[in-house]
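Participant: Here it is, the structure in full.
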Amino acid sequence: MKRFDSLACSLLLYALCSVASVLNPTATAAQVPDWCKELPRPEYKALERVRVSDPWFEVYKVAANTYAIYEPHQSEETIGYLILGSQEALLFDTGMGISDIKRVVRELTRLPIIVLNSHTHDDHVGGNWEFRTIYSMETPFTERNAKGSREDAQAEIAPGEICGELPKSFDPKTYRTRPWTITRYIHDRDTVDLGGRTIEILATPGHTPDAISLYDLANGLLFTGDTYYPATIWLYRPETNFDAYAKSIQRLADLVPHVKLVLGAHNIPVAPPTVLPDLVQAFADFRAGKAACKPDKPGRQICTIEKFSFLVAR
């Protein structure tokens with residue numbers, strides 16, 4: 001977490017409360033969750049913002065014909081990516097399902113949409129049901145999650161998880177991850193031709209069994225999902241496999257000579273490729289017992305080494 005001097009912090013809180021009061025006229029500074037006080041993240045100042053009609057989302061152009069669709073009002077700060085070719089568009093993750101991501105996508109392009117998920121945790125598949133073409137990995141974990149769920153979704157809107165006001169059309173009582181239909185199974189090293197732009201699918205299990213990354217070799221872009229993002233990386237759930245994760249991050253690090261930009265799925269959309277070999281070393285050091293660990297929620301701990309931290313089971 002970044003720290004600011006007192007003046008900067010005061011200005012940030014003033015701006016934050018102003019935003020919160022627009023989203024929720026009854027909001028007060030006391031109602032602002034701690035994580036929300038870190039916003040807006042300074043890295044976004046360097047990115048080109050694209051205005052859309054839905055205030056739940058913020059959209060940034062991160063490369064040519066490539067847009068990050070950011071949800072800053074929920075603690076996951078989930079980021080999906082819209083990748084445009086000349087004939088089709090690929091939507092890499094559909095977010096929380098709290099507001100209408102399809103409407104936002106349609107403000108950005110009229111091309112046919114293919115949905116791919118970096119993995120099928122609820123915060124990445126919430127808008128899947130809105131789309132007709134969904135490619136997925138063929139794993140039991142994926143098949144189970146495609147049926148939808150309520151428990152994980154409800155946890156995302158618990159007290160302290162929302163910054164500002166939920167969309168007026170949103171009903172928290174009925175919120176769940178809706179079922180979606182898989183239209184095609186994909187496999188490691190498959191490619192998707194969007195028209196003048198080819199995206200390669202890389203199986204990168206570890207965080208989940210169905211985790212994938214996307215590789216746009218021609219443009220030097222690597223979309224890493226939850227395998228890497230610039231915040232505490234969650235590796236505590238029962239579907240996580242440390243051995244598989246270590247192999248996956250090494251596989252991504254091996255691509256560094258050909259990568260210009262790493263695009264993760266939470267908090268901040270862009271990172272330099274040098275972060276990947278650093279992640280490999282940090283995770284190896286963590287497994288060797290070199291990290292500093294402290295308790296988190298029951299049954300979990302956060303282990304920190306250098307600039308990386310991992311949320312793992314105790």
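The values are calculated or read from the model by the stated rules, or taken from the named source; none is laboratory data. Keep in mind that what you see is a predicted model, and the values were worked out from it rather than measured. FYI the Cβ positions are ideal-geometry reconstructions off the backbone, even for glycines, and counts take in every protein chain you see. Accessible surface is based on the protein model in full, side chains and every heavy atom, while ligands, DNA and RNA are left aside. Shrake-Rupley method; radii C 1.70, N 1.55, O 1.52, S 1.80 Å.
Participant: Scan region 131-144 and give yes if some residue there is among the hydrophobic types (A, V, I, L, M, F, W, C), in contact (Cβ under 8 Å) with a residue 40 or more places away in the chain and in a helix (DSSP H, G or I), otherwise no.
Facilitator: Checked against the condition, which is being among the hydrophobic types (A, V, I, L, M, F, W, C), in contact (Cβ under 8 Å) with a residue 40 or more places away in the chain and in a helix (DSSP H, G or I), region 131-144 yields at least one hit.
Participant: Continuing with the same structure: If you take the residues in region 143-200 that are β-branched (Val, Ile, Thr) and over 20 Å from the mean Cα position of the chain (by Cα), which one is farthest from HIS258 (Cα to Cα)?
Facilitator: So, considering only residues that are β-branched (Val, Ile, Thr) and over 20 Å from the mean Cα position of the chain (by Cα), the one farthest from HIS258 (Cα to Cα) is THR174.
Participant: Restricting the search to region 230-246, which residues are open to solvent by 30 Å² or more (accessible area, probe 1.4 Å) and touching a strand residue (DSSP E or B) at 6+ places or on another chain (Cβ under 7 Å)?
Facilitator: Hits for region 230-246 are PRO230, ALA231, THR232, TRP234, TYR236.
Participant: Kindly list, by first and then second residue, each pair from a residue in region 225-237 that is touching a residue at least 60 places away in the same chain (Cβ under 8 Å) to a residue that is open to solvent by 40 Å² or more (accessible area, probe 1.4 Å) and not hydroxyl-bearing (Ser, Thr, Tyr), limited to pairs with Cβ atoms under 8 Å and residues at least 6 apart or on different chains.
Facilitator: ASP226/TRP234; LEU235/PHE242; TYR236/GLY299; TYR236/ARG300; TYR236/ALA313
Participant: Looking for something under 17 Å from the mean Cα position of the chain (by Cα) and open to solvent by 10 Å² or more (accessible area, probe 1.4 Å) - is there at least one such residue anywhere in region 210-221?
Facilitator: yes
Participant: Any chance region 72-82 includes a residue that's among the aliphatic types (A, V, I, L, M), surrounded by fewer than 17 Cβ atoms within 10 Å (Cβ to Cβ) and under 26 Å from PRO172 (Cα atoms)?
Facilitator: No, region 72-82 has no match at all.
Participant: Within region 54-110, which residues are without any contact (Cβ under 8 Å) to a residue 60 or more places away in the chain, among the aliphatic types (A, V, I, L, M) and more than 20 Å from ASP226 (Cα to Cα)?
Facilitator: VAL104, VAL105, LEU108
Participant: Just name the residue that is farthest from THR198 (Cα to Cα) out of those in region 222-246 that are of a type in the set (Asp, Glu) and in a loop (DSSP other than H, G, I, E, B).
Facilitator: It comes out as GLU239.
Participant: Check region 48-55 and report whether any residue there is modelled with pLDDT of 95 or more, open to solvent by 10 Å² or more (accessible area, probe 1.4 Å) and under 17 Å from the mean Cα position of the chain (by Cα).
Facilitator: So far as region 48-55 goes, no, none of its residues is modelled with pLDDT of 95 or more, open to solvent by 10 Å² or more (accessible area, probe 1.4 Å) and under 17 Å from the mean Cα position of the chain (by Cα).
Participant: Something else now. For region 36-85: of the residues being aliphatic (A, V, I, L, M) and assigned to a loop (DSSP other than H, G, I, E, B), which is farthest from VAL270 (Cα to Cα)?
Facilitator: VAL52
Participant: Count, please, the residues in region 256-293 that happen to be within 25 Å of THR78 (Cβ to Cβ), open to solvent by 30 Å² or more (accessible area, probe 1.4 Å) and in a strand (DSSP E or B).
Facilitator: Residues flagged as within 25 Å of THR78 (Cβ to Cβ), open to solvent by 30 Å² or more (accessible area, probe 1.4 Å) and in a strand (DSSP E or B) within region 256-293 amount to 1.
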